[in-house]
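Student: Would you mind keeping the following structure in view while I ask a few things?
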């Protein structure tokens with residue numbers, strides 16, 4: 001597939017909302033709503049990597065799955081809002097809430113690498129069947145021999161021997177399984193890959209290998225990544241831009257250098273202070289310790305969702321949700337007291 005020039009917008013997310021209704025009672029009426037994502041906006045340019053980071057429960061995985069409409073397919077009652085504009089070669093299309101048939105043509109261009117390589121691969125299918133699955137759906141004109149050739153090339157490219165195509169997932173290590181998942185995501189030559197914590201389930205010794213592989217594949221295939229993770233140190237090494245998410249909202253967005261080296265939001269500062277740093281002189285860096293746990297999306301605090309744990313919270317932080325403000329050079333922060 002021919003790639004458009006790097007730097008042009010590929011995906012624009014405008015005020016994305018993903019709310020899950022909760023039903024109760026004999027008549028199963030709606031008793032509450034989980035606002036998993038509550039007004040997220042960001043842009044992903046062609047050829048770049050945007051890292052989306054935050055604690056578990058922040059809503060970052062929900063954003064990734066909403067882009068490819070997994071929530072709509074699995075939960076028809078989900079309430080979606082906002083826009084997910086994909087700038088395809090055939091024109092702009094809003095992916096948000098598309099029904100299955102309308103979304104199918106775009107799934108070849110937008111693929112996903114899942115977090116757990118042990119559960120994301122069908123144990124009853126061979127590697128050949130797993131990797132060629134997207135080709136069977138999106139390129140039915142290809143012959144079986146052509147698919148075998150493509151699978152062999154992809155396995156070789158992700159560091160696996162083509163002869164492994166006849167094996168089953170249980171015969172591989174976690175790192176090898178994730179490589180199989182990566183090969184599957186590349187089968188249709190997508191423009192955008194959503195990598196949902198692709199290394200969090202792997203041993204530390206294997207994580208760097210997979211991250212380096214993703215970086216190499218990006219250069220070779222002209223890929224665009226949304227890289228979802230909770231480890232800021234990993235994201236810093238692969239991402240061009242970083243978006244920090246907390247309780248369904250973005251709180252900071254900027255280049256990787258801006259967010260990692262000069263964070264402005266108190267939540268970003270806390271995340272970065274938790275990253276272990278080499279310290280040969282033995283001195284301890286001052287760490288920001290957050291109070292308590294992330295609140296439930298069912299009972300979000302009024303105003304700023306972070307105020308109940310924030311070390312610089314003011315009384316008026318409870319009044320309204322803070323909007324993103326430019327701190328200079330397109331470094332956006334959702335905190336009026338950020339420094």
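Student: Pick out the one residue from 260, 253, 267 that is touching a residue at least 40 places away in the same chain (Cβ under 8 Å), assigned to a helix (DSSP H, G or I) and buried (at least 17 other Cβ atoms within 10 Å of the Cβ). Spell out the reasoning first.
Tutor: Working: 260 fails: touching a residue at least 40 places away in the same chain (Cβ under 8 Å); 253 fails: assigned to a helix (DSSP H, G or I).
Step by step, each of 260, 253, 267 is checked, and only 267 is touching a residue at least 40 places away in the same chain (Cβ under 8 Å), assigned to a helix (DSSP H, G or I) and buried (at least 17 other Cβ atoms within 10 Å of the Cβ).
Student: Please work out which one of (1) assigned to a loop (DSSP other than H, G, I, E, B); (2) modelled with pLDDT of 90 or more is the condition residue 288 fails and give its number.
Tutor: (2)
Student: Can you name the condition, by its number, that residue 294 falls short on among (1) modelled with pLDDT of 85 or more; (2) surrounded by 15 or more Cβ atoms within 10 Å (Cβ to Cβ)?
Tutor: All conditions pass for residue 294, except number (1).
The values are calculated or read from the model by the stated rules, or taken from the named source; none is laboratory data. Source: prediction; values computed, not measured. Cβ coordinates were reconstructed from backbone atoms using ideal geometry, including for glycine residues, and neighbour counts include every protein chain displayed.
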